[in-house]
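Beneath this line is the structure, given in structure tokens, with notes to follow.
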Amino acid sequence: MTHHPTLRFEDVSFSYPSMTSELLSGINMHFSTGWTGIVGPNGTGKTTLLLLACGKLRPDRGFIAIPDLSSYCPQRTDDPPEGAASLMAASDRDSLILKADLDLKQEDLLRWETLSHGERKRFQIAAALYGRPDLLALDEPTNHLDSDTRSLLYRALSTYKGIGLLVSHDREMLDNLCRECVFIDPPAAILRPGNYSSGAEQARLEKASAVKRHNDARDKLDRIEREHARRKHMAAKSARMNPKRHLSPKDHDARAKANGAKLTGKDAVQGKLQKQMDGRLRKAREEVGATPVKKEHPTGITVLGGVCPRVSVLNLPAGYLPLGEQVRLKFPDLNMGPRDRVALTGPNGCGKTTLITAMFSSLSLPDDRVTYLPQEIRIEDSMRLLEELRSMSGEKLGWVMNIVSRLGSRPEPLLESRLPSPGEARKIMLALGLLKEPWLVMMDEPTNHLDLMSIECLGSALADCRCALLLISHDRRFLGALTQTRWEISKMANDVYALNIV
């Protein structure tokens, strides 16, 4: 008998204890086999949805039917994944295919601390696939991966036969792998058929239609309010012309005649029309209320960098850096002028992060003239950043939270959270870095964990910045728009990588 696992959400709502409102509310969705994309801005509950689906969180209300065996792959790769050792020790057909497809080696697992995050991610996903789960939930699996590794990952994921949930900001993978996508806009989550591009277009059309309905209802209400005011003015004018106004209250015969004249004349018609207009006005206001449009928040940031008055902002003499017990990175003299824009590229594990860390440590610039964004922010550092925010007040807090907001994350839920998401932590660190007016901006995989809108905002800001720029990224489009020089690392021999200036 064929096994057909299902995942079902029935009227599910959830919030974290520190939150004053629900993060997700009234979620009803049904998932069957195949890949489903989970998309939305940072901090909107994508990871929370995965944790609920895998039974690692329990809903406040509602019910979730979860498959028997589920596996969750987090964004972080701090520790070796459960099952990796079993996979590497196995010799069955499935294990051999996975190890070949993702280029996994036993000796690499033994040097986990020296592996790049991209190399760690391959082990993490391979171990999850080897467990043959009914439900596989992947949280940003393409972070840190070079183009070759992404191709290997896509090939491995395309063979998975269970229920796959994929949180990602990688449009290409979402389009090529997913048959449907969940679009999260707290507290709602909407499941739309088709890949990301078709779902995003449907969302755009729905939004445009909702805006049109709201604007039409608003225009109708404006017309009725103007007509209501006009008729109210006419009724007041008619009242001023009422013959009873100058009659004594005791002159009952005269007032009776005036009442008869009013009820049989234009006043009776005006009163009836006024009641009809009151009803139309009430109905028009209800129509406006029934066609709400979510508030749009402004986006876009500015990097207030300046030009360093020195001849150079970075100067690292030629040398070697160890990348493990035997592997080394060889590099020539590295110099950057005050307006240089450099892309540092190369495959996973070639020493890019090791090199940028060495360059950052060698800088002679004042600390307040350098903005540095590391590849990963540890959990304890993320919590420290959040506490630093909460300790701020006044203008400084407002300035930082305005940047976070303009990068697409709402400040209130962020300040209420126990732990910021990796994307939110990067936005906080970026905002704090922008309090400076840097002469040099150094960023190691700046697009990792960021949602699509935030990446566009960051790219636009860096394009207009006047300071020197050093970027590590596997996003060729991002680098192509921002840099003019490439420092490319490639493998020269089994134990040596070398950097060439292109």
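Rule-based calculations on the coordinates, nothing more; no lab input. Everything numeric in this text was worked out from a predicted model, so none of it was measured. When we count neighbours, we look across all protein chains shown, and the Cβ atoms used for this are built from the backbone with ideal geometry, even at glycine.
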key: Positive-end residue, the chain charge dipole about Cα centroid, Cβ charges, pick of VAL502, CYS350, GLY408   = GLY408
query = To the nearest 10 degrees, how steeply does helix 394-406 sit against the main Cα axis of the chain, on a 0 to 90 scale?
reply = 80
ask   = Of [x] 4, 16, 23, 24, 19, 10, 3, 0, 0; [y] 3, 15, 22, 21, 14, 7, 5, 4, 3, 2, 1, 0; [z] 3, 11, 12, 9, 7, 6, 6, 7, 8, 7, 6, 6, 4, 3, 2, 1, 1, 1, 0, 0, which is the value of P(r) over Cα pairs in 10 Å bins from 0, in percent derived from the coordinates here?
value = [y]
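May I ask for the equivalent-ellipsoid semi-axes of the stretch 1-137, computed as the square root of five times each C-alpha gyration tensor eigenvalue and listed largest first in whole Å? Walk me through the numbers on the way to the answer.
Numbers: eigenvalues 200, 75, 24 Å².
In descending order the semi-axes read 32, 19, 11 Å.
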request  = Pairs of Cα atoms under 8 Å, at least six residues apart: use those to get the relative contact order of the stretch 6-141, whole percent.
outcome  = 27
ask   = For helix 196-240, what angle does its Cα long axis make with the longest principal axis of the chain, in degrees from 0 to 90 and rounded to 10?
value = 20
query = Just for the stretch 314-501, what percent of DSSP beta bridges are antiparallel, to the closest 5?
reply = 40
ask   = Nearest-5 percent of antiparallel DSSP beta bridges in the chain?
value = 40
task = Kindly express, to the nearest 10 degrees and within the range 0 to 90, the angle between helix 252-263's C-alpha long axis and the longest C-alpha principal axis of the chain.
result = 50
Net charge dipole size for the stretch 13-142 [Lys, Arg +1 and Asp, Glu -1 on Cβ; Debye, nearest 20] = 200
ask   = Placing +1 at every Lys and Arg Cβ and -1 at every Asp and Glu Cβ, with all other atoms neutral, what dipole size does the chain have around its Cα centre, in debye to the nearest 20?
value = 3840
task = Evaluate the relative contact order of the chain (contact order divided by residue number), counting alpha-carbon pairs under 8 angstrom at least 6 apart; express in whole percent.
result = 17
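Compute the relative contact order of the stretch 293-416 as a whole-number percentage, counting only Cα pairs closer than 8 Å that sit 6 or more residues apart in sequence.
Worked out over the stretch 293-416, it gives 28 percent.
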query = Among the aspartates and glutamates, which fall within straight-line cross-link reach of LYS237, defined as a Cα-Cα distance under 20 Å, with same-chain neighbours fewer than 8 residues apart omitted?
reply = GLU225, GLU227, ASP267, ASP278
task = Set Lys and Arg Cβ to +1 and Asp and Glu Cβ to -1, take the dipole of the stretch 7-194 about its Cα centre, and tell me which of GLN75, LEU138, GLY194 lies farthest positive.
result = GLY194
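Could you give the length gained by full extension between ALA358 and LYS105, i.e. 0.36 nm per residue of separation minus their alpha carbon distance, to one decimal place?
Numbers: separation 253, 0.36 × 253 = 91.08 nm, distance 2.75 nm.
Taking 0.36 nm per residue and subtracting the Cα distance, the gain is 88.3 nm.
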Mean ellipticity per residue at 222 nm, deg cm²/dmol - from DSSP H runs of n ≥ 4 across the chain, formula -39500 (n - 2.57) = -13500 deg cm²/dmol
